[in-house]
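Enquirer: Below is one structure. I have some questions about it.
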Amino acid sequence: MEPQGQRPAHGRHESEEERADRRWGELLQEVRVTQTGVQILFGFLLTVVFTPRFATLTATDKTIYVVTTLLGAATTGALIGPVTFHRFVAGRHIKPQTVRWASRLTVIGVVLLLATVACALLLIVRLALSNGAAIWIVAGLMVWFVVCWFALPAWARHHYRGQEMTPPN
């Protein structure tokens, strides 16, 4: 702990509780963004089975649809999890632990979202192209998502370790 009145060399001068409150606010904003996309995707998936075209799908396409819908449900659960976790433990003076668990649920939700998007794209591209290119197109897009969502942040975390990140000019 820094002597009173002095600022830390790096980062903010905040107590563990203040840090947990700030991190909770940041996490909640991140979850709001992902939840919106997941809710739209999941809502769409729930309606597909009721369309006339669904009856004409092959067994493989129906399997992909079911897996996609189940992944969408699991994603929804993981991304709503931080809210219910917080609600159940609020007032118990464990905000730092709550933030850690909520963060883990959010990462799980993002991984599940990646799988959901992959399956949804596979189904849509298979139906649109009716050829074997679908798997390669979706694989390429998944590489792109992994780079954007995981590799770039991991690189930045490693590259800027111990120094402040400054935005480009």
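Enquirer: If the label point is 7 Å along Cα→Cβ of LEU152, which residues in the range 104-145 have backbone nitrogen under 11 Å from it?
Expert: Flagged as within label range: 144-145.
Enquirer: List, largest first, the extents of the alpha carbons of the chain along their principal axes, each in whole Å.
Expert: Computed over the chain, the largest-to-smallest principal extents equal 71, 40, 22 Å.
Enquirer: Let me ask something additional. Expressed as a fraction of 2.2 N^0.38 Å, the rule-of-thumb size for a compact globular protein of N residues, what is the C-alpha radius of gyration of the range 71-121?
Expert: 1.28
Enquirer: Could you work out the relative contact order of the chain? I mean the mean sequence separation of Cα pairs under 8 Å and 6+ apart, divided by the number of residues, in percent.
Expert: The value is 24 percent.
Enquirer: Also, quick follow-up: Specify which residue in the list THR84, TRP155, GLY25 is farthest towards the positive end of the charge dipole of the chain, using unit charges on the beta carbon of Lys, Arg (+1) and Asp, Glu (-1), about the Cα centre.
Expert: With unit charges placed on the Cβ atoms, the residue in question is THR84.
Enquirer: So how much slack lies between THR58 and GLU16, counting 0.36 nm per residue of separation and subtracting their Cα-Cα distance, in nm?
Expert: Separation in residues times 0.36 nm, less the Cα-Cα distance, equals 9.6 nm.
Enquirer: Taking just the alpha carbons, could you work out the radius of gyration and Dmax for the range 92-144, both in angstroms?
Expert: Using the Cα atoms of the range 92-144, the pair Rg, Dmax is 17.1, 56 Å.
Enquirer: Per DSSP H run of at least 4 residues, take -39500 (n - 2.57); add these up for the chain, divide by its residues and hand me the 222 nm value, nearest 500 deg cm²/dmol.
Expert: -25500 deg cm²/dmol
Enquirer: To the nearest 20 Debye, how big is the dipole of the chain about its Cα centre, given +1 on the beta carbon of each Lys and Arg and -1 on that of each Asp and Glu?
Expert: Magnitude of the dipole: close to 220 debye.
Enquirer: Let me ask something else about it. Run a plain Debye calculation on the range 7-74 (Cα atoms as equal point scatterers, no solvent) and give log10 I(q)/I(0) at q = 0.12, 0.21, 0.24 Å⁻¹, rounded to two decimals, same order as the q list.
Expert: One equal scatterer on each Cα of the range 7-74 leads to -0.53, -0.90, -1.02.
Enquirer: What's the ranking of 45-54, 79-88 by average number of surrounding C-beta atoms within 10 Å, highest first?
Expert: 79-88, 45-54
Enquirer: So what is the diffusion coefficient of the range 118-161 in µm² per second by Stokes-Einstein at 37 °C and 0.692 mPa s, using a Kirkwood Rh over Cα pairs?
Expert: Rounded to a whole number, D works out at 282 µm²/s.
Read-outs: derived from the displayed coordinates by stated rules, not from any lab. The structure presented is a predicted model; accordingly, all values stated were derived computationally and were not measured. Methodologically, a virtual Cβ is constructed for each residue, glycine included, from the backbone with ideal geometry; neighbour enumeration extends over all protein chains shown.
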